[in-house]
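What follows is one structure encoded as structure tokens, with my remarks underneath.
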Amino acid sequence: MSKQIKYGYIIILALLIVANIPVKAGIVVQDATGRTISLSETPSKIVSLSPSITEILAYLDELDRVVGADSISLSDTWFNVSSILKTHGVIDVGGYWWSTVKAEEILRINPDIVLADKGAHVPLLDFFKNYNITVVYLAGGSSKSIQDVLSDFYTIATLLNKTSLADDFTIKLESELGKYRDLITSKYKGVKVLIIVDLTSGIWVAGKGTYIDDILERLGLSNACSNIYSWSSISLEKVIELDPDIIVVTYIGPNSNTLKESGLTNLGKPIIVLNQTETDIISRPGPLIIYAPQVIYNVLTRSNITRVTGSEGSSTYSVMVIIVLVASVALITIVLAKRYWRK
């Protein structure tokens, strides 16, 4: 056998061997900014920049991968987050808003990936790019619907090969929505709810195109701010114009007089101020959202609202129509009877 043929066989054999070597598939996700992120393997060092993101990691039982987290996460008692993070010596990388993030700490940690909130951390994108730090943005606080929240779940679950748990969460959430939609529809369908998310710097409300608006709609309620888009600051006069049936306040700040000073208490509307637990559930678009239907139902029962605009309203309208028809028939009968007797 000539050397050329021999070498040819060797090359072919080598190509066949290489072709059969299993290649580990990479991880590819599209984040909330539309960017495509590719990883060669599951990240082992994660920095989380918001409590809702950290709570998703907790739900997926992946907190042991977290090496850095925002200060709110480090004090988060939900899902035993704070205790677990402190046990693992997780580094505090600053506050929730982008301007309070400690960039130097993230550089020192040198994570495999940073999980950030689109609404709070997009201004940091250039920083991450300049230092070659892989960042995945989640919809987070800018979520426009429950679907956005679930998308965050699936993005993180895909990164960590835990999509089955994301499926499990989706099923549980839909079950809770269905359960409380039935309860609310029978008593409070169509009630106009005004959700105030902050009173410390004006009257900030959850308008159309927010996950809170989506929750209200799915529960058969009406968002009083349906003609206001996103998270917006409105005046007291606008609140009067919106004419809500109930006002729900999630956060009034440390000043106990904030609510009174806002003028809302003078409107004669039921006002329910949520406690810290309820506020967390409503304001964190992560696994806590599964408890939101129950919180909203409890708020309605505490407000003592009895007016129902759904089937009861329709019944009242039908009764009125019948009364008018009977009265009209009676009047016509009387007129015709008088004409008959005159003849």
Net charge of Cβ neighbours under 14 Å - reference ARG65; Lys, Arg +1; Asp, Glu -1: -3
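Specify whether the C-alpha gyration tensor of the range 24-134 places it in the rounded, prolate or oblate class, a ≥ b ≥ c being the square roots of the eigenvalues: rounded for a/c under 1.5, otherwise prolate if a/b is larger than b/c and oblate if not. Intermediate values should be presented prior to the final figure.
On the way: a/c = 1.57, a/b = 1.21, b/c = 1.30.
Because a/c hits 1.5 or more and a/b fails to exceed b/c, the range 24-134 counts as oblate.
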Can you list residues whose amide H is under 5 Å from VAL191's amide H, if they're 5+ apart or on another chain and H is modeled 1.01 Å from N? SER222, THR309
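Looking at the square roots a ≥ b ≥ c of the eigenvalues of the Cα gyration tensor of the range 186-302, which shape do they give, rounded for a/c under 1.5, prolate if a/b is larger than b/c, or oblate? Before the final figure, lay out the partial values.
On the way: a/c = 1.40, a/b = 1.20, b/c = 1.16.
Judged from the Cα gyration tensor, the range 186-302 comes out rounded (a/c under 1.5).
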Efficiency by 1/(1 + (r/R0)^6): what FRET value for THR163 and THR185, r their Cβ-Cβ distance, R0 = 30 Å, to the nearest 0.05? 0.40
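A short reminder: the numbers here are calculations on the coordinates, not readings from a lab. Since this is a predicted model, take the numbers as computed values, not measurements. FYI the Cβ positions are ideal-geometry reconstructions off the backbone, even for glycines, and counts take in every protein chain you see.
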